[in-house]
Structure formats: structure tokens, C-alpha cells
Ligand SMILES: C[S@@+](CC[C@H](N)C(=O)[O-])C[C@H]1O[C@@H](n2cnc3c(N)ncnc32)[C@H](O)[C@@H]1O
């Protein structure tokens, strides 16, 4: 969310991406949404927001952004792990933003779909996109730290681009595990596995504890806005740390990690076997 607050406050040529005619990675364009209105009204809708994070097809060749971004590639990676038809499975999208994954899962046959976010502006974008697509999706303003307030259970939880925004990621993952029947899709900034990291800490059985070199299983604290000038980034875990937290929360089976970029990793974790999602490559 680069310079998000600044962008939301200052409207400029640079911060107003122009809708484009084609975006090859965004395959919603294979079908037209039912409630597009005129092309001009779609362009006006896109322009009425100073900033879009997600690239969503609105019909008539209009997209919210000028090119595909991370979540479009994430979907390409995730879709083969989903059944062809979600057959009424319920989905919760935490940090839904403009609702890209809610739209995609609903179009794939999901039943109850709920998207939560703590920022009004993104929920407004999500609602506008939902109305154009004419889909039954519920958006709620809710902080991820309070997911227990939903008082609902879901088959699939989408947890992408959110873990590193949380001060207490393990506590939130424990809440997710409580309300998740089957599987969670996690995507996050990570410490790259391609570079060597070493942390020395005391480990060992009682009486044999010694300072030991650890090469994985840790999380870097981001105190201020050192990452992307975004003060809402708190932690960068490595992949083993993500898996360890998911195991601690109650997930038992894991897909291979998929690296969308050097420092962006996606994996699926399941609580039950068989899972609706395919965990093997
Ligand atoms: C990097 S974006 C990721 C959006 C989307 N999940 C994706 O993968 O494309 C982070 C989103 O999480 C939301 N968010 C950040 N912290 C949150 C919190 N504590 N509770 C709920 N939403 C939060 C932001 O408003 C933003 O929409």
C-alpha cells in the first residue's frame, strides 16, 4: 500500500491510474458484468477514487488499474488449487480491499461470501464493483483483530496481503482457525528464502541450552515506516515462521510455498482431509 495515506489525501495525475482497454492477466473480461451502464460512467467511477490497489474489470473494456498487479498473479497461482466449481462453499476475505477475491470466488460458485476491511474507502470501491457485477456479496467494516465478532464459520478464508499489517499476527490466525472449517489461503511479504539469514538465540533441552545459529523460523519487526513508507507494516516473517504460526493456530496440512516475487509468498493450509483445495502441486 505504497504511500497510501498520501495518495488518498492528494489527488494527482500520477495517483489516478487511467482505465485501459486490455489487461491480459485479468480474465473476468471473458464475461461482461450485467450492470455496467455507459463506458463514460465506468471511467468516471474509476476516476472518482484517488487510488486503487486492486485491478478489477468493470466491463466495456474498463479496468480499475492500467495493468495487472500482484493479486492478479496470485489468482493465477491459486485457481488451479481450487475445484472448478466451489459448489456453495462459504468464503471470508480478510482485508478484502476492492473485493477482487470475493468477486472471483463468487463467480466460481461460492455460496456465502463476506469481505471485511478496516478502511471505508476500500469498502466503497468493493461495493461499487459488486453492484456492477450484480453479485450477492456482503462487505463489512471490521478490523481483522476482531474477526470473532463475525460469529460465523467459513469453509475457505482468504488471508492475502494482510498478515504483515497486523501487530499480533498469531492471535489473528488463531481467530481465523476458530472460524475456518477447511482451508486458508495466505499470501504475505516474506524474508526471501534466496538469501541467507541467521539469528543466534539460546535453544536446547533444559540443562543443555546453548546459543544456537537459526537459519529460519523468524520474523523481522518493522517499527515505523521503513517498509514502503507504510506505517501499517509491522512484521516480515520467513516462510517457516508463517507455517509455524499456522500450525500453532490449528492448521495441519500445507501446500508448497509459491513465490510470486522474491519477497512475496503464497501457500494454502488446511484443517481437514480431504480439503476442498488441492494442496499438492
Ligand atoms: C495490501 S492490501 C491487500 C488487499 C487484498 N487482500 C489483496 O491481497 O489484494 C491490505 C488490505 O488490508 C486492509 N487492512 C489492513 N489492516 C487491516 C486490519 N487490521 N483489519 C482489516 N483490514 C485491514 C487494508 O485496508 C487493505 O485493503
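The values are calculated or read from the model by the stated rules, or taken from the named source; none is laboratory data. Note that the coordinates shown come from a computational prediction; the quantities given were computed from them, not determined experimentally. As a convention, Cβ positions derive from the backbone with ideal geometry for all residues, glycine included, and neighbour counts pool all protein chains shown.
Looking only at residues in region 96-120 that are farther than 16 Å from residue 64 by Cβ and in contact with a strand residue (DSSP E or B) (Cβ under 6 Å, 6 or more places away or on another chain), which one is nearest to the ligand (Cβ to nearest atom)? The qualifying residue nearest to the ligand (Cβ to nearest atom) is 116.
Residue check: is residue 231 assigned to a loop (DSSP other than H, G, I, E, B), more than 22 Å from residue 155 (Cβ to Cβ) and at pLDDT 95 or above?
Values: assigned to a loop (DSSP other than H, G, I, E, B): yes; more than 22 Å from residue 155 (Cβ to Cβ): yes; at pLDDT 95 or above: yes.
Yes: the conditions hold for residue 231.
Just one residue in the set 123, 135 is within 15 Å of the chain's Cα centre (by Cα) and either closer than 22 Å to residue 53 by Cβ or in a loop (DSSP other than H, G, I, E, B) (or both); that residue is 123.
Give region 210-227 a look and list any residue that's assigned to a strand (DSSP E or B) and within 22 Å of the chain's Cα centre (by Cα), or say none. Before you say what the answer is, go through the steps one by one.
Residues of region 210-227 that are assigned to a strand (DSSP E or B), as a first pass: 210-214, 219-221.
219, 220, 221, listed by residue number.
Of the candidates 223, 261, 178, the single residue that is exposed (fewer than 14 other Cβ atoms within 10 Å of the Cβ) and within 16 Å of the ligand (Cβ to nearest atom) is 261.
Pairing residues of region 123-142 that are closer than 13 Å to residue 58 by Cβ with residues that are part of a strand (DSSP E or B) and away from the ligand (no atom under 14 Å from the Cβ), at Cβ distances under 7 Å and at least 6 apart in sequence or on separate chains, gives 129/58; 132/58; 132/59.
Given the structure, is residue 201 more than 9 Å from the ligand (Cβ to nearest atom), in a strand (DSSP E or B) and touching a helix residue (DSSP H, G or I) at 6+ places or on another chain (Cβ under 9 Å)?
Numbers: more than 9 Å from the ligand (Cβ to nearest atom): yes; in a strand (DSSP E or B): yes; touching a helix residue (DSSP H, G or I) at 6+ places or on another chain (Cβ under 9 Å): no.
Considered against the rule, which asks whether it is more than 9 Å from the ligand (Cβ to nearest atom), in a strand (DSSP E or B) and touching a helix residue (DSSP H, G or I) at 6+ places or on another chain (Cβ under 9 Å), residue 201 comes out as no.
If only residues of region 138-165 that are crowded, with 20+ Cβ neighbours inside 10 Å and part of a loop (DSSP other than H, G, I, E, B) are counted, the one that is farthest from the chain's Cα centre (by Cα) is 162. Going by the conditions given, is residue 92 away from the ligand (no atom under 11 Å from the Cβ), in contact (Cβ under 8 Å) with a residue 24 or more places away in the chain, in a strand (DSSP E or B) and under 16 Å from residue 107 (Cβ atoms)? In short, no.
Residue by residue, here is whether (1) modelled with pLDDT of 75 or more; (2) in contact with a strand residue (DSSP E or B) (Cβ under 6 Å, 6 or more places away or on another chain); (3) part of a loop (DSSP other than H, G, I, E, B); (4) within 16 Å of the ligand (Cβ to nearest atom) holds:
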site	(1), (2), (3), (4)
13	no, no, yes, no
16	no, no, yes, no
19	no, yes, yes, no
28	no, yes, no, yes
34	yes, no, yes, no
37	yes, no, yes, no
42	yes, yes, no, no
45	yes, no, no, no
55	yes, yes, yes, yes
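Can you pull out the residues in region 139-160 that are in contact with a strand residue (DSSP E or B) (Cβ under 6 Å, 6 or more places away or on another chain) and either more than 22 Å from residue 276 (Cα to Cα) or within 12 Å of the ligand (Cβ to nearest atom) (or both)? Give the steps one after another, and end with the answer.
Of all residues in region 139-160, those in contact with a strand residue (DSSP E or B) (Cβ under 6 Å, 6 or more places away or on another chain) come to 139-140, 142, 144, 153-160.
Across region 139-160, the qualifying residues are 139, 140, 142, 144, 157, 158, 159, 160.
Number of residues in region 62-92 that are over 18 Å from the mean Cα position of the chain (by Cα), surrounded by fewer than 20 Cβ atoms within 10 Å (Cβ to Cβ) and within 21 Å of residue 137 (Cα to Cα) equals 5.
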